[in-house]
Amino acid sequence: MSEETHFRTCHLCEAMCGIEITVDDGRVSRIRPNPDDVWSQGYICPKGTTLGDLHHDPDRLRRPLVRRGEGKEFVEVSWSEAFEEIEHRLQPVIERHGLDAVTAYIGNPTAHNFSLSRYVGAFIPMSGIPRIYSSGTVDQWPKNVAVALLYGGMWTIPTPDLDRTDYLIVMGANPHASQGSLLAASDVMGRLRKIRERGGKVVVIDPRRTGTAKIADEWLAIRPGADAALLLAWVQVLFDEGLVDPGALKDRLEGVEEIGRLCRDFTPEAVEDFCGFDAGTIRRLARELAAAPAGAVYGRIGTCNQEFGTLASWLVEVVNILTGNLDRPGGSMFSNPISWSLTTLRPPEFADGWEFGRWRSRVRGAPEVLGQVPVSCMAEEIATPGEGQIKALICIAGNPVLSAPAASKLDAALPELECMIAVDNYLNETTRHAHVILPGLSPLEQPHYDELMWNWSVRNAGKYAPPLFAPEEGRPHEWQILLALAALCQGQKAADVDTSLLDDLFFGGIVALVTQREGSPVYGKEPAEIIAESDGRGPERMLDLTIRTGPWGEGYGANPEGLTLAKLRELPNGIDMGPLEPRLPDLLETPDGKIDLAPEYITADLERLLQRLGRNDDGLVLVSRRHVRSKNSWMHNVAPLMTGKDRCTMQIHPDDASRLGVEDGALARIVSSEGSLEVPAEVTEEIRPGVVCLPHGWGHDKTGARLSVASKHPGVCNNVLAPGELVDVLSGNAVVNGIPVEVSPA
Ligand SMILES: Nc1nc2c(c(=O)[nH]1)N[C@H]1C(S)=C(S)[C@@H](COP(=O)(O)OP(=O)(O)OC[C@H]3O[C@@H](n4cnc5c(=O)[nH]c(N)nc54)[C@H](O)[C@@H]3O)O[C@H]1N2
Ligand SMILES: Nc1nc2c(c(=O)[nH]1)N[C@H]1C(S)=C(S)[C@@H](COP(=O)(O)OP(=O)(O)OC[C@H]3O[C@@H](n4cnc5c(=O)[nH]c(N)nc54)[C@H](O)[C@@H]3O)O[C@H]1N2
Ligand code: SF4
Ligand SMILES: [Mo]
């Protein structure tokens, strides 16, 4: 028996926990927290212990699948056959209809995958595909819009400085389940408890009494979609009571007076009914936040996936700024990652500033925002004939049949595609529609370093993990798959594709970029010199570059003591560069170097909010939730995570349940304008009356999927109920929280 121990970072979520993996005769026998990990110090959640189950899951695809024979059944083929199949399917579509007829959908695991996170940025421009969709428009798009306009970069997202704050308001986030989002910290719950232990206060604003609310000082059961009104009322109180004090940022701000004017109608009294709690509480919270030595408002998916997502996301920043909490210790701060990421660079198309609505979707006429239209447009763009109809889809690490609003429409539209290629590790609800499925390596067969997450981490740190297992001979990495797909989109023959060459081209482009960037340690240096000195290939070579040209980097000789990937490899427990430090104004990328608090694109939407205040509807609305033992739609096939009672239930308040005759444990029927479903009811005091809640990511009862564990606990897909046209106007982001529904006993 050969027992080995490996130290690694769990890639599943933003917590990036350090784990210790024991391997016995080629099998993972145990996963424990790594107490010496400088970042997570011995914390993990139940998912982290199951990476071995994921790795050994017999349903996880290891060879490409293509459809063959009369029944068009999936069969395993070699990699060269799979790429040839793609050539023969995809290229005729492009010849007939042009690249306009091809699109890609980029799903969430892309952001957590070593290869995909770095190489979608190569795939999109190199393939020539003009328009893509992503899970971003059912997620953080409102946040991206808000920070792009305020700070200049769409990923310039501050994070609450959990370890030093005295006062934290958590709006529409449940780290008890999610472990933090756009907030990278291990053991968020432990850190929240510590805020209280040191005499600080934690307030949770959520229609549900979540696990996070349970450990907070105060829970406010907000009506879904009312966050923007609440935030604006706080702003009104700050102005009214002379509490506006932006501190060090004072001279950087534009539009402060305008904000003072715009908030006038939104007094606590004007919004209390809409929010669902009294004006006195609203006023008190604003005063408490203003009085705290350092405090932060943290808003996440509940504030994004809703009717006023961009307004709410913008106002979170405005409140943090007006109380002097942006960019100060204990407030809302920007991290300084040891490795910068390509994703955070402003896309070249926006080099001259952000512009919205530069084009519209063909069928619905939805304006593009930050280069994308709502993901719910994809179904109609596939299903509606005419010039510009989508005929081919490349789906990368995504399961939009479950995750996108109007889910049934997409499920019905995908079979109409002439060509669908999935880069995915499972044959699931979405990929069952593909013509070719190209599986990525298991996470344990590839190196790991998070690309994006360190941009909102609560400390400046980093860690690299080498692969645990060698992949099977001849298996491509996902970065190679993406480069090959790009070449195939460009008409190359599968047999001629040289991914090394394409990688050199991509890498050469990045090197050229950094040598041209003023302030970079390699500014003006000869790109060839850097390329010659760089370590490895693919994402590792990129990582070496982004570390060496990062804030603590070795700078290709400029700072010989500095960091390189080689040095990081020697530190299996990671490296910690200390707590966050103020980063403004250097980080700002706005044209005038200032922060315009009142961008017209956003403030124009306040009228819609004002109108909404006056509308009194008392109907039931549906919101979403997460659970610590799931990850979106794709971890229900991991048996150890599926034990215990049924998690896919409709939570409903006892008052609503008795009024509607719905009984605990009995099937209830939910109907929306988009669809209907039946699901067991869970009658609980822990939800606001008037709100019902379903988890997202379920619905594993589709024929043709190969998910032997998940199919035994199928649950229902809440997005069958989500109307695709229900979007936050400014960002095009889906409104999956606050969907009007009717509920009855089934
Ligand atoms: N109603 C409602 N809908 C929602 C949400 C909600 O709260 N409510 N949340 C939204 C949010 S925030 C998100 S991010 C989206 C997620 O939406 P998606 O990204 O579309 O869905 P996931 O469930 O994350 O699916 C991930 C897919 O990637 C595959 N996969 C996993 N790991 C890998 C890998 O390493 N490589 C490859 N190639 N494939 C892999 C899985 O098999 C699965 O098919 O859902 C959104 N939809
Ligand atoms: N275990 C686990 N972890 C995950 C995921 C997962 O599926 N499982 N998904 C990952 C992904 S892709 C993401 S984006 C993050 C999301 O991370 P979080 O933002 O923390 O997501 P949730 O846990 O869904 O918490 C959102 C909360 O918003 C509340 N809410 C709904 N509507 C409103 C509203 O109008 N206003 C307010 N104030 N609250 C509202 C809901 O009741 C819910 O408690 O989690 C990530 N981490
Ligand atoms: S919280 Fe859980 S899933 Fe997230 S990184 Fe840590 S162990 Fe992995
Ligand atoms: Mo997400």
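Take the residues of the stretch 163-186 that are of a type in the set (Gly, Ala, Ser) and not in a helix (DSSP H, G or I): which is nearest to Gly42 (Cα to Cα)?
Filtering the stretch 163-186 for residues of a type in the set (Gly, Ala, Ser) gives 172-173, 177-178, 180-181, 184-186.
Still in the running and not in a helix (DSSP H, G or I): 172-173, 180-181, 184-186.
Values: Gly172: 27, Ala173: 24, Gly180: 17, Ser181: 20, Ala184: 16, Ala185: 13, Ser186: 9 Å.
My answer is Ser186.
Pick from the stretch 89-139 the residues that are aromatic (Phe, Trp, Tyr) and either assigned to a loop (DSSP other than H, G, I, E, B) or within 14 Å of Leu438 (Cβ to Cβ) (or both): which of them is nearest to ligand 3 (Cβ to nearest atom)? Step through it out loud before you land on a result.
The first filter runs over the stretch 89-139 and keeps only residues aromatic (Phe, Trp, Tyr), leaving 105, 114, 119, 123, 133.
Filter once more, so that each one left must be either assigned to a loop (DSSP other than H, G, I, E, B) or within 14 Å of Leu438 (Cβ to Cβ) (or both): 119, 123.
Working: Tyr119: 22, Phe123: 26 Å.
Within the stretch 89-139, the match that is nearest to ligand 3 (Cβ to nearest atom) is Tyr119.
Is it the case that some residue within the stretch 485-501 is at pLDDT 95 or above, in contact with a strand residue (DSSP E or B) (Cβ under 7 Å, 6 or more places away or on another chain) and closer than 30 Å to Ala566 by Cβ?
Pass one, the stretch 485-501, residues at pLDDT 95 or above: 485-501.
Filter again for in contact with a strand residue (DSSP E or B) (Cβ under 7 Å, 6 or more places away or on another chain), leaving 485, 489.
Checking which are closer than 30 Å to Ala566 by Cβ leaves us with none.
There is no residue in the stretch 485-501 that is at pLDDT 95 or above, in contact with a strand residue (DSSP E or B) (Cβ under 7 Å, 6 or more places away or on another chain) and closer than 30 Å to Ala566 by Cβ.
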Problem - Which listed residue is touching a helix residue (DSSP H, G or I) at 6+ places or on another chain (Cβ under 7 Å), touching a residue at least 60 places away in the same chain (Cβ under 8 Å) and of a type in the set (S, T, N, Q), from Asn425, Asn455 - result: Asn455
Handout entry: Of residues in the stretch 19-29 being free of Cβ contacts under 8 Å to residues at least 24 places away in the same chain and surrounded by 14 or more Cβ atoms within 10 Å (Cβ to Cβ), the one farthest from ligand 3 (Cβ to nearest atom)
Key = Thr22
Practice task
Output yes when any residue across the stretch 582-601 is under 30 Å from Glu540 (Cβ atoms), surrounded by 13 or more Cβ atoms within 10 Å (Cβ to Cβ) and touching a strand residue (DSSP E or B) at 6+ places or on another chain (Cβ under 9 Å), and no when none is.
Solution key: yes
Exercise for the section: For the stretch 384-408, name all the residues that are of a type outside the set (Val, Ile, Thr), surrounded by fewer than 22 Cβ atoms within 10 Å (Cβ to Cβ) and out of contact with any Asp or Glu (no Cβ under 6 Å at 6 or more places or on another chain). Expected result: Pro385, Gly386, Glu387, Gln389, Ser408
Practice task
With the condition kept exactly as written, say whether any residue in the stretch 698-713 is within 11 Å of ligand 2 (Cβ to nearest atom), among the hydrophobic types (A, V, I, L, M, F, W, C) and under 22 Å from the mean Cα position of the chain (by Cα).
Solution key: yes
Practice task
May I ask you to say which residue of Val729, Val720 is of a type outside the set (S, T, N, Q), surrounded by fewer than 18 Cβ atoms within 10 Å (Cβ to Cβ), within 30 Å of Arg360 (Cβ to Cβ) and touching a helix residue (DSSP H, G or I) at 6+ places or on another chain (Cβ under 7 Å)?
Solution key: Val729
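Scan the strands (runs of 3 or more DSSP E) fully inside the stretch 653-728 and keep the ones with 3 or more residues being within 16 Å of ligand 3 (Cβ to nearest atom).
Once the strands (runs of 3 or more DSSP E) in the stretch 653-728 are filtered for at least 3 residues that are within 16 Å of ligand 3 (Cβ to nearest atom), nothing remains.
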Problem - Qualifying positions in the stretch 217-255 - charged (D, E, K, R), within 18 Å of Gly614 (Cβ to Cβ) and over 30 Å from the mean Cα position of the chain (by Cα) - result: none
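Within the group Pro35, Pro58, Pro64, Pro46, which residue is more than 16 Å from ligand 2 (Cβ to nearest atom), at pLDDT 95 or above and closer than 24 Å to Asp450 by Cα?
The conditions single out Pro35.
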Handout entry: Test: residue in the stretch 77-100 that is surrounded by fewer than 21 Cβ atoms within 10 Å (Cβ to Cβ), away from ligand 4 (no atom under 16 Å from the Cβ), modelled with pLDDT under 95 and among the basic types (Lys, Arg)
Key = no
Exercise for the section: Please state which of the following conditions Ala15 fails to meet, knowing it meets all the rest: (1) under 23 Å from Asp163 (Cα atoms); (2) of a type in the set (A, V, I, L, M); (3) within 15 Å of ligand 1 (Cβ to nearest atom). Expected result: (3)
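Residue-wise test of (1) surrounded by fewer than 24 Cβ atoms within 10 Å (Cβ to Cβ); (2) closer than 25 Å to Ser341 by Cβ; (3) more than 17 Å from the chain's Cα centre (by Cα).
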site: Lys143; (1), (2), (3): no, yes, no
site: Ala148; (1), (2), (3): no, yes, no
site: Gly152; (1), (2), (3): yes, yes, yes
site: Trp155; (1), (2), (3): yes, yes, no
site: Pro158; (1), (2), (3): no, yes, no
site: Ile169; (1), (2), (3): no, no, yes
site: Pro175; (1), (2), (3): no, yes, no
site: Gln179; (1), (2), (3): no, yes, no
site: Ala184; (1), (2), (3): no, yes, no
Practice task
Under 9 Å between Cβ atoms, at least 6 apart or on separate chains: pull out the pairs that start in the stretch 44-58 with a residue that is closer than 19 Å to Glu472 by Cβ and end on any residue that is in a helix (DSSP H, G or I) and away from ligand 1 (no atom under 15 Å from the Cβ).
Solution key: Asp57/Ala639
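Out of everything in the stretch 301-331 that is assigned to a helix (DSSP H, G or I) and polar (S, T, N, Q), what residue ends up being farthest from Ala248 (Cα to Cα)? Please lay out each step first, then the result.
Filtering the stretch 301-331 down to residues assigned to a helix (DSSP H, G or I) leaves 301-304, 309-322.
Narrowing further to those that are polar (S, T, N, Q): 303, 310, 313, 320.
Numbers: Thr303: 27, Thr310: 26, Ser313: 22, Asn320: 13 Å.
Step by step, filter the stretch 301-331, then rank; the result is Thr303.
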Fill in the blank from the handout: Given (1) under 23 Å from Gly128 (Cα atoms); (2) more than 16 Å from ligand 2 (Cβ to nearest atom), Asn425 misses just (1)
Completion exercise
Here the residues within the stretch 91-128 that are touching a Leu at 6+ places or on another chain (Cβ under 6 Å) and hydrophobic (A, V, I, L, M, F, W, C) are Ala111, Phe123
Practice task
Sort out which residues of the stretch 621-678 are of a type in the set (Gly, Ala, Ser), buried (at least 21 other Cβ atoms within 10 Å of the Cβ) and more than 16 Å from ligand 1 (Cβ to nearest atom), and write them in order of number.
Solution key: Ala657, Ala668
Practice task
Evaluate the stretch 158-178: report whether one residue or more is in contact with a strand residue (DSSP E or B) (Cβ under 8 Å, 6 or more places away or on another chain), closer than 30 Å to Glu416 by Cα and within 16 Å of ligand 1 (Cβ to nearest atom).
Solution key: no
Exercise for the section: Identify, by number, the condition in (1) on the phi > 0 side of the Ramachandran plot; (2) touching a helix residue (DSSP H, G or I) at 6+ places or on another chain (Cβ under 9 Å); (3) away from ligand 3 (no atom under 16 Å from the Cβ) that Met16 doesn't meet. Expected result: (3)
Problem - Selection from the stretch 5-32 of residues that are at pLDDT below 95 and either of a type in the set (Lys, Arg) or closer than 30 Å to Asn460 by Cα (or both) - result: none
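The values are calculated or read from the model by the stated rules, or taken from the named source; none is laboratory data. Keep in mind that this is a model prediction, so the values were computed, not measured. Because the Cβ atoms are built from the backbone with ideal geometry, glycine has one as well, and the counts that use them run over all protein chains shown.
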